Structure formats: C-alpha cells, structure tokens
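First up is the structure itself, then whatever we jot down about it.
The values are calculated or read from the model by the stated rules, or taken from the named source; none is laboratory data. This structure is a prediction, so every number in the text was calculated from the model and none was measured. All Cβ positions, even for glycine, are placed from backbone atoms using ideal geometry, and neighbour counts span all protein chains on display. Quick note on the areas: whole protein, heavy atoms, side chains included, nothing else; ligands and nucleic acids left out. Shrake-Rupley method; radii C 1.70, N 1.55, O 1.52, S 1.80 Å.
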Amino acid sequence: MGRVLIIGAGGVGTVVAHKVAQNADVFTDIMIASRTKSKCDDIVKAIGNPNIKTAKIDADNVEEMVVLFNEFKPDIVINVALPYQDLTIMEACLQAGVNYLDTANYEPKDVAHFEYSWQWAYHERFKEAGLTAILGCGFDPGVSGIFTAYAAKHYFDEIHYLDIVDCNAGDHHKAFATNFNPEINIREITQNGRYYQDGEWIETKPLEIHQDITYPNIGPKDSYLLFHEELESLVKNYPTIKRARFWMTFGQEYLTHLRVIQNIGMARIDEVEYNGQKIVPLQFLKAVLPNPQDLGENYTGETSIGCRIRGIKDGKETTYYIYNNCSHEAAYKETGMQAVSYTTGVPAMIGAMMFLKGEWNTTGVLNVEEFNPDPFMEQLNKQGLPWHEVHGGDLEL
Ligand code: NDP
C-alpha cells in the first residue's frame, strides 16, 4: 500500500520499525535512516527482515534528505529523530513532495521553548503542495489528543475541563535514568509549568503544583503539573475548554537527582569552555547517562496515561476518563524497548497507517485531534495499546 521512511534509530525509532514491519499489508517498502547507520542495521537484524533498507542521513541537512527522498520515494516520512530536526525534515518533505509525521514539536537548540507556531507556519505550503503533515502523533502528544477528539465526538457537546494524566509506575533499577532522550526530557521538566484557564495561560515555577492522583491498577502517585505541547493545540481546537492541564508522576529519587543536576549546572544548554573545547553541559550529561534504549531488559511495572474530562452532554454535566496501561515487560518482549518508547512508537505507526489507508488525508499541517479518531482508536486496540473507559466516575481533579 505504501512506502515509509523512518528517520531516527533510537528507542522510539526501534518500536516504529518493529510495528511497521508487523503491518506489511500497509507498509510495503520500509527504510530506516539515521545519523548512525549501524544502529539502523541493528534494528533490521533484530526484526529479521532483510528487505528493510537502511541509510545514513544528517537530518539537519535539507539537501542531503531531498536526495535520499528522491531516491527512495517514500509516501510518508515518520520523523522520530529529535525535535530539533522537525523543520529541516518538513522542508525536505516539501521539496521532494513527501508527506510527514512526527511525535514532538519543534524546539530550537538554544532555547527550551515549546510551541507549534514554527510548524503551523508551514500549513499553507503543505496545503498548496497537496501534502499532509501530521503533528504530535506519539502518546502524549498523540493519543492524548485522539482520546480528547474521541470524547468530543461521542460523549460531549462541550468539553469544559481537561486533565491529561501520565504515570510511569515502572522500575528500571537504575539510580537515575530518563525514559526518552535525556536532553529533551530534562529540558522539558526543568521548564516553568503552565496551564490554561479561562482563556489565559497561567505560569507556575517548575514542578510547583503537585497532588496525588490514583491510577488504575497502580494506586495513588504524586503527580506534577507541567506544560505539555498538546495543551496548545487542544485549547485551540476545542474552544469550549475552560481549563486544560497536564500531570506527570515523578519519584522522589528522580527529583533529587534532577535537583542536583540543576544545582551543579549540568542541565545548562548554553556552551561552556572545557579544555579548549566548547561543550553543552546537558549534551555531555546525555553521553554519560544510561541510554533509554538499554533500559528495557530489567524494566518492571507499567505506564498509565489518559484523559480525565468534565463537560456537558444533553444539558447535563458528565465526566469521562479514558486511559491505556502498558506493561514495560510486554513492550520489551515484543520490541526490545521499554513502555515509554513503545507507547510513542505504536501511535506513530498507526498515524502513518491512517494516512496510507486514506483515513487521514486532509492536506496541510494538522494536529492529530483534527482527524477522525475512530479508525485510529480501533487500531490502538489491535496494535498493543488497548484503552479503557470510565463514565461518570470521580475524576479527583
Ligand atoms: P533517541 O535519542 O533514543 O533517538 C533519537 C534518534 O535520532 C537517534 O537514533 C539519533 O541518532 C537520531 N538523530 C539525532 N539527530 C539526528 C540528525 N541530525 N540526523 C539524523 N538522525 C539524528 O530519542 P527517542 O527515540 O527516545 O525519542 C525520539 C523522539 O520521540 C524525540 O523527538 C522525542 O521527543 C519523541 N518522544 C515523543 C513522545 C510522545 O509521547 N509524543 C514520548 C517520548 C519521546 P544517534 O543514534 O546517532 O544518536
């Protein structure tokens, strides 16, 4: 049915490659391209399908990508490199006439700043070219937006309160490690928090607001209010929302390490002089921390991510909670990666499948909630991320 090019061979790229290969009726030709070709070759070996092609690519270099795209002629590129590469990959897609999908919004390297404006600015160009760019198609952002769209379509006339709740109750048995790219992860968590209320964004100090939230099959966990990029598109696409927040759990051990890392300057993203060389402390830290790709083997426990929604249906107030729990062990058994990579990579594959099957074919640059959620929800159940619903329960928030 279609040709797919995966850019990035990290934890998420590995899961995307496994899932794409499992759906050979949809993805007829597959290529994995990344900065380090040997990592792409290792993924192909692990999958055991020698028909998957690999290539070395610098995704910061538009010309290099255009040459590769013109050679392989993908129908869609799945960008699971880093957020820094979003704009160069989108530009190359436009030049080569290729559709685009990613799982994280663009961030400039020198400021940790999350907003969609840079990517939304490409809307007219994608539309004029008759191409589709699907933004933020991991779990959160991604499934969090699809869950909201599904709730809006089937259960609410107006959504008023939205809380996205993200719990990782897993244990990787390391003193400190991040579950996805450490540089991106630490930049995100050390930012000021932000949430939306009555038409305004309210800023908080980093991790200032927290409370216990009870997660299914897990129990109560201290959950911290963060800004997360899907809040920006969701309040735009669902203007009846009065308040939208994002919560994530962190253990005390993790937070203590994070505080030390910040206090000693290792979370800095500006260049410092070291032995006559310029280095960025956070990038150096990434080099010495455990690689998220290697965490899977001894990872126990599960993640639980969902949306808790309050709003109006037929004139009455109603509540709805929709979530997925994903086991680290099961994710590792299937793909060799832990559940955080798994819950990101599976939706990225499903988004590309939606495009190739013609279910999601609006042109332009769109966030996931702007497409029909139903066929995507059906695939979540089939592809390893089953979801569950609670109607009329206590949302705690
Ligand atoms: P990793 O760091 O494990 O992998 C990133 C991959 O991109 C690596 O293979 C890396 O190459 C490659 N890469 C980096 N720079 C370039 C470049 N200039 N050219 C070509 N390849 C490059 O990250 P993850 O797999 O953990 O995360 C991937 C993406 O998924 C990130 O954008 C992250 O923000 C996003 N994410 C989204 C989530 C969601 O729910 N929406 C959740 C988790 C992650 P090399 O191997 O040489 O370093």
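For (1) touching a strand residue (DSSP E or B) at 6+ places or on another chain (Cβ under 8 Å); (2) within 20 Å of L131 (Cβ to Cβ); (3) at pLDDT below 95; (4) of a type in the set (A, V, I, L, M), each residue gets a yes or a no:
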position	(1), (2), (3), (4)
V26	yes, yes, no, yes
T36	yes, no, no, no
D41	yes, no, no, no
D58	no, no, no, no
V67	no, yes, no, yes
P74	yes, yes, no, no
V80	yes, yes, no, yes
Name every residue in segment 6-36 that is open to solvent by less than 10 Å² (accessible area, probe 1.4 Å), under 13 Å from N51 (Cα atoms) and assigned to a strand (DSSP E or B), in order of residue number. F27, I32
Just give me the residues in segment 239-276 being over 30 Å from E317 (Cα atoms), in contact with a strand residue (DSSP E or B) (Cβ under 7 Å, 6 or more places away or on another chain) and open to solvent by less than 80 Å² (accessible area, probe 1.4 Å), in sequence order. F250, V272
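State the number of residues belonging to segment 37-53 that are within 11 Å of the ligand (Cβ to nearest atom) and either in a strand (DSSP E or B) or surrounded by 14 or more Cβ atoms within 10 Å (Cβ to Cβ) (or both). Break it down into steps so the answer makes sense when it comes.
First pass over segment 37-53, keeping only residues within 11 Å of the ligand (Cβ to nearest atom): 37-40, 42-43.
So of that shortlist, the ones also either in a strand (DSSP E or B) or surrounded by 14 or more Cβ atoms within 10 Å (Cβ to Cβ) (or both) come out as 37, 39-40, 42-43.
Number of matching residues: 5.
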From (1) outside any strand (DSSP E or B); (2) in contact (Cβ under 8 Å) with a residue 12 or more places away in the chain; (3) within 16 Å of the ligand (Cβ to nearest atom); (4) closer than 20 Å to F139 by Cβ, pick out the condition that doesn't hold for W247. (1)
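Would you mind stating whether K56 is closer than 21 Å to S38 by Cβ, among the basic types (K, R) and either open to solvent by 10 Å² or more (accessible area, probe 1.4 Å) or within 11 Å of the ligand (Cβ to nearest atom) (or both)? Quick ask: steps written out before the conclusion?
Details: closer than 21 Å to S38 by Cβ: yes; among the basic types (K, R): yes; either open to solvent by 10 Å² or more (accessible area, probe 1.4 Å) or within 11 Å of the ligand (Cβ to nearest atom) (or both): yes.
Answer is yes for this residue.
Where residues in segment 77-115 are open to solvent by 10 Å² or more (accessible area, probe 1.4 Å) and of a type in the set (S, T, N, Q), which of them is farthest from L231 (Cα to Cα)? Outline the logic, then answer.
Here is the first cut: in segment 77-115, the ones open to solvent by 10 Å² or more (accessible area, probe 1.4 Å) are 80-82, 84-85, 87-88, 91, 94-97, 99, 103-104, 106, 108-115.
After this cut, where a residue has to be of a type in the set (S, T, N, Q) as well, the list is 85, 88, 95, 99, 103.
Values: Q85: 22, T88: 24, Q95: 30, N99: 24, T103: 14 Å.
If we take residues in segment 77-115 being open to solvent by 10 Å² or more (accessible area, probe 1.4 Å) and of a type in the set (S, T, N, Q), then Q95 is farthest from L231 (Cα to Cα).
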Among (1) of a type in the set (D, E, K, R); (2) part of a loop (DSSP other than H, G, I, E, B); (3) buried (at least 16 other Cβ atoms within 10 Å of the Cβ), E329 falls short only on (2)
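I'm trying to understand the selection: among the residues of segment 217-249, which are hydrophobic (A, V, I, L, M, F, W, C) and under 28 Å from Q119 (Cβ atoms)?
Once the filter is applied, which keeps residues that are hydrophobic (A, V, I, L, M, F, W, C) and under 28 Å from Q119 (Cβ atoms), segment 217-249 yields L225, L226, F227, L231, L234, V235, I241, A244, F246, W247, M248.
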Quick check on my filter: what residues within segment 134-155 are away from the ligand (no atom under 15 Å from the Cβ) and open to solvent by less than 10 Å² (accessible area, probe 1.4 Å)? A149, A151
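Looking for something within 16 Å of the ligand (Cβ to nearest atom), farther than 26 Å from A151 by Cβ and of a type in the set (D, E, K, R) - is there at least one such residue anywhere in segment 297-316?
Going residue by residue through segment 297-316, those that are within 16 Å of the ligand (Cβ to nearest atom) are 297, 299, 302-307.
When the remaining residues are screened for being farther than 26 Å from A151 by Cβ, the result is 297, 299.
Filter once more, so that each one left must be of a type in the set (D, E, K, R): 297.
Looking through segment 297-316, at least one residue is within 16 Å of the ligand (Cβ to nearest atom), farther than 26 Å from A151 by Cβ and of a type in the set (D, E, K, R).
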Give me the pairs, please: first residue somewhere in segment 123-142 and at pLDDT 95 or above, second residue anywhere and in a loop (DSSP other than H, G, I, E, B) and within 16 Å of the ligand (Cβ to nearest atom), beta-carbon distance under 6 Å, and either six or more positions apart or on two chains. C137/T103; G138/T103; P141/E229; G142/G136
